[in-house]
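The values are calculated or read from the model by the stated rules, or taken from the named source; none is laboratory data. In this text the structure is predicted, and so the values were computed from the model without any measurement. Cβ atoms come from the backbone with ideal geometry, glycine included; neighbour counts cover every protein chain shown. The protein model used for the area step is the full one, side chains on, heavy atoms only, and it has no ligands, DNA or RNA in it. Shrake-Rupley method; radii C 1.70, N 1.55, O 1.52, S 1.80 Å.
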Amino acid sequence: MSEAYGATIAKRGLARRLRELRVEAGYTANQVCDRLNWGRGKVGRFEANNWVRPELSDIRDLARIYEGSDLDELEELATRARQRAWWRDYPDVFHNEFPGYEGDASRIRVVMPLVLPGLLQTLPYMQALLSTGQQSPEWREQALRARLRRQQILDRDDGNAPELVALITEASLMYEWGDPGDRRAQLRHLLTMSGRPNVELRLLRLSDGLHPGMSTLVNIFDFPGDEPSMVFLENDADIQEIDDASKVEAYGEIFEEIRAAALSPADTAVHLEALIAKLE
């Protein structure tokens, strides 16, 4: 299964660039479809990034009628976007391109009020959490493998490992699951991961009272270069994608408010050690 690093944001960037070129050329999407003898709606789907793998022939056709387009630039984006990523093999688990954006991010900011972030979960925690749903054993096994595969992005040694800023709550650590040994191992894993140079872990303590992120379960992905950031909101039924710039900025501000209310990374480590001691 391919890493396909950069493929998801290349496809998103290509969609945005094609829209910019069409607008600059003074065409409507339907006019472009008519000129190319395409079915109406095809250009709109491209520009909405509602495609799986862009066809190079389609990109060349569009470049011919968009004055000022750089065919090499468009073909380079399309070639990158056509890489098949590992998560395409899990269509029942991923219903959008969340793992692709997560894998392409240079910085991941995540707030999880009641569960631990998937990138920081141990295998027993994953198994316990996935067993609470109504999905089939086959689906749970696929989801387990996919989550383990997602975690590998933090281990990249090619300079593309993302920075992870994770805000978790003490409440998420208070549930009883597995046995005390499983829970100690999860706490130790958090402690170990927090010591990595690309991981910042901050804890919101129960004793510090209510905080700005009580009902916020959000992932914010920042990307290399000038690719705009985006937000994913999660619940048990769906993952919602948000790329409106003003809304992304608003979620970024909320994230920083929550971050300021949390313990420092050093104090978080001390608190985790105290929780581990209580389970021994």
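Could you tell me whether any residue of the range 111-131 is closer than 17 Å to residue 51 by Cα and among the polar types (S, T, N, Q)? Please lay out each step first, then the result.
Restricting attention to the range 111-131, the residues satisfying the condition of being closer than 17 Å to residue 51 by Cα are none.
So far as the range 111-131 goes, no, none of its residues is closer than 17 Å to residue 51 by Cα and among the polar types (S, T, N, Q).
The set of residues from the range 130-164 being among the aliphatic types (A, V, I, L, M) and under 25 Å from residue 196 (Cα atoms) comprises 144, 146, 148, 153, 154, 161, 164. Of the residues in the range 117-139, at least one is within 30 Å of residue 207 (Cα to Cα) and β-branched (Val, Ile, Thr). Of the helices (runs of 4 or more DSSP H) lying entirely inside the range 5-119, the ones with 2 or more residues being open to solvent by less than 60 Å² (accessible area, probe 1.4 Å) and over 30 Å from residue 185 (Cα atoms) are found at 7-25, 29-35, 42-47, 56-65, 71-81.
One residue stands out in the range 120-135 among those that are part of a loop (DSSP other than H, G, I, E, B) and open to solvent by less than 50 Å² (accessible area, probe 1.4 Å): the one that is modelled with the lowest pLDDT, namely 133.
Any residue in the range 144-161 that is farther than 30 Å from residue 228 by Cβ, modelled with pLDDT of 95 or more and part of a helix (DSSP H, G or I)? Outline the logic, then answer.
Filtering the range 144-161 for residues farther than 30 Å from residue 228 by Cβ gives 144-145.
Narrowing the set further to residues that are modelled with pLDDT of 95 or more leaves 144-145.
Applying the additional criterion that residues be part of a helix (DSSP H, G or I) yields 144-145.
Within the range 144-161, one or more residues are farther than 30 Å from residue 228 by Cβ, modelled with pLDDT of 95 or more and part of a helix (DSSP H, G or I).
Of all residues in the range 160-176, those being within 9 Å of residue 114 (Cα to Cα) and crowded, with 20+ Cβ neighbours inside 10 Å number 2. Taken over the range 226-280, the residue count meeting the criterion of being out of contact with any Leu (no Cβ under 9 Å at 6 or more places or on another chain), surrounded by 15 or more Cβ atoms within 10 Å (Cβ to Cβ) and small (Gly, Ala, Ser) is 2. The residues on offer are 258, 239, 220, and the sole one that is of a type outside the set (D, E, K, R) and touching a Pro at 6+ places or on another chain (Cβ under 8 Å) is 258.
Collect the residues in the range 208-224 that are in contact (Cβ under 8 Å) with a residue 24 or more places away in the chain and closer than 18 Å to residue 114 by Cα, keeping them in residue-number order. Spell out how you get there, then give the answer.
First, pick out the residues of the range 208-224 that are in contact (Cβ under 8 Å) with a residue 24 or more places away in the chain: 208, 211-224.
Correct list: 208, 211, 212, 213, 214, 215, 216, 217, 218, 219, 220.
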